[in-house]
1. Once fully extended, how much extra length lies between His20 and Ser277, figured as 0.36 nm per residue of separation less the alpha-carbon to alpha-carbon distance?
2. Can you work out the FRET efficiency for the pair Lys13 and Thr233, with r the C-beta to C-beta distance and R0 = 30 Å, to the nearest 0.05?
3. Using the count of nearby Cβ atoms within 10 Å as a rough guide to exposure, how do Cys180, Cys260 rank from fewest to most?
4. Would you tally the net charge around Arg280, using a Cβ to Cβ cut-off of less than 11 Å, leaving Arg280 out, and scoring K and R as +1, D and E as -1?
5. What 222 nm value per residue comes from the helices of the chain, counting each DSSP H run with n ≥ 4 as -39,500 (n - 2.57) and dividing by all residues, nearest 500 deg cm²/dmol?
6. Could you give the angle, 0 to 90 degrees to the nearest 10, between helix 161-170's Cα long axis and the longest principal axis of the Cα atoms of the chain?
7. Counting only other residues whose beta carbon sits under 13 Å from that of Cys180, what net charge do I get with K and R as +1, D and E as -1?
8. Which entries of Lys6/Lys268; Lys95/Lys294; Lys268/Lys356; Lys356/Lys385; Lys6/Lys166 have Cα-Cα distances beyond 28 Å here?
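Bear in mind that the values in this text are calculations on the coordinates, not laboratory data. Computed from a predicted model, the values in this text were never measured in an experiment. Cβ coordinates were reconstructed from backbone atoms using ideal geometry, including for glycine residues, and neighbour counts include every protein chain displayed.
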Amino acid sequence: MKFETKAIRIQTKRSEHREHSTPIFPTSSFVFENAEQMQAIFGGEEKGNIYSRFTNPSAREFEEKMAALEGVENAMATATGMAAVFASFMAHLKKGDHVIASRAVFGSSFQILAQTLPNYGITTTYINPLMPETWSEALNENTKMFFLETPSNPGLAVVDLVKASKFAKENNLLLNVDNCFATPYLQNPAKYGADIITHSATKFIDGQGRVMGGIVAGNHELVERVYLFIRRTGGSISPFNAWVLSKSLETLAIRMDRHCQNALSLAKWLETQPNVSNVRYPFLESHPQYEIAKKQMRQGGGIVTFEIEGGIESGVNFLNSLNMLSLTANLGDSRSIASHPASTTHLRVPNEEHLKVGITEGLIRISVGLEHIDDIIDDIENALKW
Ligand SMILES: *Cc1c(COP(=O)(O)O)cnc(C)c1O
């Protein structure tokens, strides 16, 4: 089956009601026919649901689809994207372990590695994801994992997955890739050798700004560890959210096609504007990693960034002059969103770290939605004239 078909047709078993659309299972626990069955399921001799913190059919459907779409054996759904990223660390690392991480990762992921994990004896060295020749300098005898994000949020750095995988294999590291910006439709890190793939499903996978969720995907053994961590510590997804996300996957391909088409048009238009510089979009020929993006991504994604002339004041005026685009802390929505990373998502990352990953004071990030491209450009054109 092709991507679109899997995203639509993978479904939990129909119930006795013969429903066409997938049912939802909002239940905390599951009943047993008798004490013998209860014992068999608890003992693991028989497969079956016990309690929704462990497994739930709505969550399972979403997980099975995500594993199939990423081309891996299994997946575990979580309450949020950060629960997924955190579980991907905690399930595979222990006291004394060391992580090599791209400097260009999501703000909260950066904070987990920089501030939370050191309290538990797990340390991180940040590398420049665009300079593979320097990565080995960060290695030590306890390095266990290489964590990166591509394209990165919000700088849109594209990391070479072939090189990352080669580096991880040579040094016996687990390669953990946050694939949130690309979605499984545009990029499958496992194809290049990634061991663990994490997602914030809150973004393009939901696609309409309704629910939160996350995914950790990989082979059976790695996902089993994540499963045990989540089942014990409680970061499980709610059945309702899993159901929404599973339904959302049915339209992921068609939505991403339009997000990408609108984003590329907007990026090309922005490049012609006088008070705008540094327009970034992975599929613009001017993107420094254009060749890598073309090789590992099906299309360029739904996010465009640019630098507005005049720094922080211009950035604020631009946001205040928009009529249609939303000012909100999300991305990957059908509604276009404008944001200013330096004053929002990256507010808690120290300033010198901002500059290292290209987050300047005038950087604007547009999550290009599904409105008509003419209306998106009109609104941005007006706001640029403030
Ligand atoms: C939003 C985001 C996350 C965190 O996901 P939540 O669902 O907000 O917890 C992680 N990684 C990236 C790249 C993101 O954009």
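1. 87.5 nm
2. After rounding, the FRET efficiency stands at 0.55.
3. So the ranking, lowest neighbour count to highest, is Cys260, Cys180.
4. -1
5. Using -39500 (n - 2.57) per qualifying helix, the result is -10500 deg cm²/dmol.
6. For helix 161-170, the angle is close to 50 degrees.
7. Here the charged neighbours net out to -3.
8. Lys6/Lys268; Lys95/Lys294; Lys356/Lys385; Lys6/Lys166, as the Cα separations exceed 28 Å there.
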